[in-house]
Each structure stands twice: as C-alpha cells, then as structure tokens.
Amino acid sequence: MKVSRITIKDFHQFKDLDLDLTYPAGHPKAGKPLDKVCFIGQSGTGKTTLLEMIPLFTSRYHTKSFPEDSDDYLDKISVSISYGHNSEFNTTVVDKLLDFRIWSWDESHTPKYADQTREYDPIEYYNLEWTKKIASKIVYLPANLNFEIDDIEDPNYSYGKIVDFSKSNVSAVWNLILDSIQKYHEQELQIRQDISKAVEQAPNDLDGIRLAVNKLEQWKKSQFNPIADVADNCLDALLANFKLRVKREFNFNTKGDIGFIKIEDFNKNEIPHHLWSTGTKQIVLSSLPLYLLKPQHTIILIDEPERSLYPDLQRLIINYYASLTKGCQFFYSTHSPIIAASFEPWEIVELKFNEAGQVYRDAYYEGENHVDNYFIDPRYLDYDLILKKVFDMKDTNADLRTEAIVEITMLKNQIDQLKAEGKLKTKEAKDIIIRYKNLANKLAWKTE
C-alpha cells in the first residue's frame, strides 16, 4: 500500500492543495507512488498534520490532529492509494466510504478480484499471510518518542490498527524479541550449569568436562542467536558512531540479566539503560522497531528523524531505515538540511504560506513535471546552498561572521595597498597581517 496523491479542498490552512506523490515523467518509475516523501516547511505549515492524515484515510485511525469527536475533515480531503506488490491497483478514499477491489493471488500470482463498496474499515489488500500480522500495519514514529526503557507497563502489549508510538511506549515493541532472547539465555544457562555439574561431580574426568564444553560450543554454532542477529543486522553499525555496540556475552548475575538487550563500550564496559545518551536512545528506539516489526508493503511515518542525532548520523539514517523494511513507503517531516539532502527533488514537498496565510507546495520544476525540468536538486548542494535554495534562508551567516567578513575584506585591501607601496615590512603592515590571519583562521579561510 502506498499513497499516490493527497487532495485537500479546504481544511484549516490548506485550500485547494493537490499533492502529486508519484515519480515524474522521464523517471524509470514514472507514475508510480514515490518510495519516500519529505515534508519541509516553516512551523505551522502542517507537516505533522499531513503525516497524521495518512493513517486516518488508510486505516480509519484517529490521531491528535484528527480526534474521533471531530468530523470537520469530511468531504474536504481525499487520499489516493495504490496497492499490489508493484502498486498496480488504485483507489481513492473520500469521506467515510471506500470504493475498492479486494485482490487475492493464487499460486501463479494471477490477480483475482471482486468489486465491492463497504464502510471504511481496515482493509486486507492482499490475501497473503503477512496481512494478518504486524508487518502490514502502518508504523508511526512521532517527534516526541517515549524513551522510557526500564519500565515497560504492559508486557503483553498488542497493536491496534496501526503501530502508533505517539500513544505507546516505543520500548514496548521489544517484547517481540525479548521472549526469544530470554529462551536463548535460559538454554545457555542450562548448558553452563551442566558444565559446572560435570566439573563438580568428576573434576578429574577431563573427557567428560571436554564433552560438556563442546556441547556448549556446538549449541552456539547451531542455535539462532537473537542478540547477535540484532547486533549484526540492526544496531552495531549505528552504535559504532557512539563507540558502542550490543553486548553479546551473557553474564548471569541477577534475574534482570536474562532476556534483555544490553549495550557496552569497546572496552566491554556495560552502559546501564539510564546512562544511555539521548542520541543512543533515538537510534535504538527508532531503528529497532523497524527491525523487529519487519514492515512489508506498508507506510512508515517518521516525524523529525534528526532529533538528537549528530550530522554524520543524519546523513545515514534515511537509507538505513529503508534497509530494514521491504517495499514500504516512507513519509518524513523535517527541519534538517542534512535530512533533506537525502531526497531526490521530486520527493520533497516544500510547504509555504501565501499572502492569505494558506499553504501551497513550492514546485521545483518549470513546465512539464519531468525529471529534466527540475532546477533544484538537494543531493548536489552543499548545506549552505540547501538552506538558501530549499529552506529559503536569505542569509545563512551569523552576525559575527558577517562582521568578520567585512573586516577581513578591509584588512586585505590595506595589505594590498601596503604591498603596492613596498611597506609590508613596517610595523603597521605586520600588525594588519596578524589581524588578517587571526580572522582568516576563525572563518576557516586559507591564507597565503
């Protein structure tokens, strides 16, 4: 399932807004829904509202922007949806009814359908096993993720129409893997106890002890290790930026050591959960749900993915999230030029206010919506130019920098004048050169 268009007639700051969310002409996927979309714009332009509009019109799910006791969006908004593994089938959600076709695939993957119109309930777009599982549910990661780790209120947490972490503790998703980790730890502990018994009962029986130790080694080689899998396929690549990694070695000291993911530094010092940095929590608690839920052919909504992340991680995170899913469509809302630089120009929806205070989309192309007609492509711009051309900042310099640039320009003119007069060896010239070089160092300019 992917969204291909959002049309808003008149809703709050939106009026006659038509967002085409498909690839432009000239693209290999021309006409197909975008794989990822990035909403940018001034605060108040409705980026989060657009994010939360999607679960409302695809899953009849109410959020803060669209509470259940409100119906002022009826007849004002429509959302076009494409479904099928290759987005080959389309429908449009208007008001509370959805005209759609239920599709199923036989063993030869030949589509069969029956036309129906029914009250807007969650729809199974495929007659496949995963539609009954969590993998087909929309996932919503809000800007204000709940970072509580040590106290998961409901160990039997079950997801509703969507996986909504704006209402739930994000660490609750860990229950999907904690059971397998616990069982793994319990089995390892049992085998280690067998080794201890062998030593205690027959300390001189080296063959028996060796056999018990080999049993542990063979078990480790043959048994699926959920902790190693999390480390290798999800967390370690990102945690390395913090000089951290998943702790793989099992040390049983208390009951709390069984069945949980732990993190250590490169010197094998365990980092307690309450000492994790905000950036570490952001990485773990945003990527781990996608790894565990393994979303397929659904929609992922992520508000402000840049929160608490250093710039080098912001450059990695968009492609990294995509690597944890299969056939999903991502919607992001961001204020970060580094995040925006991860998107093709047709994937960016820049929202602006017009003179009447209504929101419109700023087009990055002239004439036909064709890949060759785009005049802004953030992937090729440095961050200063992205701020100017994409985020519309007229001046990206701080006041001190502007003053320094004016001063260093004047100093350079004075040095050139003294050089022309043959006075570079005078005390006045030397003082000016020192001031010039000091300012150049502060501005990160090279000097001769």
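Here are some notes:
- Test: residue in region 249-258 that is surrounded by 11 or more Cβ atoms within 10 Å (Cβ to Cβ), at pLDDT 75 or above, more than 18 Å from Leu292 (Cα to Cα) and not polar (S, T, N, Q): no
- Residue list for region 14-59, restricted to those being in a loop (DSSP other than H, G, I, E, B) and buried (at least 18 other Cβ atoms within 10 Å of the Cβ): Leu21, Pro24, Leu34, Thr45, Gly46
- Residue match in region 384-394 (condition: exposed (fewer than 12 other Cβ atoms within 10 Å of the Cβ) and within 30 Å of Phe343 (Cα to Cα)): yes
- Output for region 329-366, where each listed residue is touching a residue at least 60 places away in the same chain (Cβ under 8 Å) and either part of a helix (DSSP H, G or I) or of a type in the set (A, V, I, L, M, F, W, C) (or both): Phe330, Phe331, Ile339, Ala340, Phe343, Trp346, Glu347, Ile348, Val349, Leu351, Phe353, Val359
- Cβ separations smaller than 6 Å between residues 6+ apart or across chains give the following pairs from region 426-448 residues that are in contact (Cβ under 8 Å) with a residue 24 or more places away in the chain to residues that are surrounded by 12 or more Cβ atoms within 10 Å (Cβ to Cβ) and among the small types (Gly, Ala, Ser): Leu439/Ala404; Leu443/Ala404.
- Any hit, region 367-376, residues being in contact with a Lys or Arg (Cβ under 8 Å, 6 or more places away or on another chain), of a type outside the set (A, V, I, L, M, F, W, C), outside any loop (DSSP other than H, G, I, E, B) and under 21 Å from Leu21 (Cβ atoms): no
- Looking only at residues in region 295-337 that are crowded, with 21+ Cβ neighbours inside 10 Å and among the β-branched types (Val, Ile, Thr), the one that is nearest to Gly44 (Cα to Cα) is Thr334.
- Being closer than 28 Å to Ile376 by Cβ and not assigned by TED's automatic domain parsing to the domain that holds Asp377 holds for only one residue in Ile405, Ile434, Ile415, and it is Ile405.
The values are calculated or read from the model by the stated rules, or taken from the named source; none is laboratory data. Computed from a predicted structure; not experimentally measured. Glycine gets a Cβ as well: all are built from the backbone with ideal geometry, and neighbour counts include every protein chain shown.
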